[in-house]
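Worksheet: one structure, shown below.
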Amino acid sequence: MNRMNYFKKIAQLILALCFSGAHAGAYEDFFKAVVLDDATTVERLIQRGFDPNSRNEDGQPALLLCMREGSERVAEVLLQSPTLEPDLANAAGETSLMMAALKGRTDWAKRLAERGARIDREGWTPLHYAATGGPPELSRWLLDAGARINARSPNGTTALMMASRYGSEATVHLLLQRGADARLHNDRQLDAAAFARLGGREPLAALLATRAASAPK
């Protein structure tokens, strides 16, 4: 290698190291800003070319983190980005819409759906999450928007089962009114009544058992 090529290689190496360090700093700044709801920093980094679809070290997409942490100002910035992919999932298959549903945020669920987030999906769905932690109005909106009421999670659990143990009784009644099947069992052979018993909700369990027994065969 002649001297000219040697110095060229050294210059390229220095440039690559500087770029790598700058990117690492931007990465740390970006996700710190997401958690702190620092919209100014996030907007500046995106304008400089930082990918709004980046994931943190735990594999959580930035928009999902916003829903989890309540970082609404940053979420607004991300939603304005034309390159944003609103339906990215983490390793557990959770999406931003599912997290908004778990938090009971009907307003954000609607915003995300308008931006392209899917109402329904295979496996765990936004309706499962809404039935677990959201108000009945959120489950109603998801159903009106096309969510499958008896969708099964990977282990066969339905939204009715989740609501029976963790959600509000108003959500349970809503799901029953909209056609949720109380006879269904998951892979552990638990039905909605069994879920209610696990949650110490005996009157609700009795209602669900009666509903299952009286359902048409």
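The values are calculated or read from the model by the stated rules, or taken from the named source; none is laboratory data. Every value quoted in this text rests on a predicted model; they were computed, and no experiment measured them. Don't worry about glycine lacking a Cβ; one is built from the backbone with ideal geometry, like all the others, and counts go over all protein chains shown.
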Give all pairs with beta carbons closer than 6 Å in which a residue from segment 104-116 that is in contact (Cβ under 8 Å) with a residue 60 or more places away in the chain meets a residue that is among the aliphatic types (A, V, I, L, M) and in a helix (DSSP H, G or I); count only pairs at least 6 apart in sequence or on separate chains. none
Residues in segment 167-187 that are under 19 Å from residue 123 (Cα atoms) and surrounded by fewer than 22 Cβ atoms within 10 Å (Cβ to Cβ): how many? 5
Test residue 138 against the stated conditions and say whether it is crowded, with 19+ Cβ neighbours inside 10 Å, touching a helix residue (DSSP H, G or I) at 6+ places or on another chain (Cβ under 7 Å) and at pLDDT 95 or above. yes
Looking for something surrounded by fewer than 19 Cβ atoms within 10 Å (Cβ to Cβ) and either outside the structural domain of residue 54 (by TED's automatic domain parsing) or closer than 28 Å to residue 49 by Cα (or both) - is there at least one such residue anywhere in segment 93-100? yes
Quick one: would you say residue 119 is of a type outside the set (Ser, Thr, Tyr), within 21 Å of residue 68 (Cβ to Cβ) and outside the structural domain of residue 64 (by TED's automatic domain parsing)? yes
Considering only helices (runs of 4 or more DSSP H) fully contained in segment 141-201, which possess at least 1 residues that are farther than 27 Å from residue 109 by Cα and touching a residue at least 60 places away in the same chain (Cβ under 8 Å)? none
Go over the candidates 83, 132 one by one and state the one that is more than 10 Å from the chain's Cα centre (by Cα), farther than 26 Å from residue 30 by Cβ and either surrounded by fewer than 23 Cβ atoms within 10 Å (Cβ to Cβ) or in the same structural domain as residue 37 (by TED's automatic domain parsing) (or both). 132
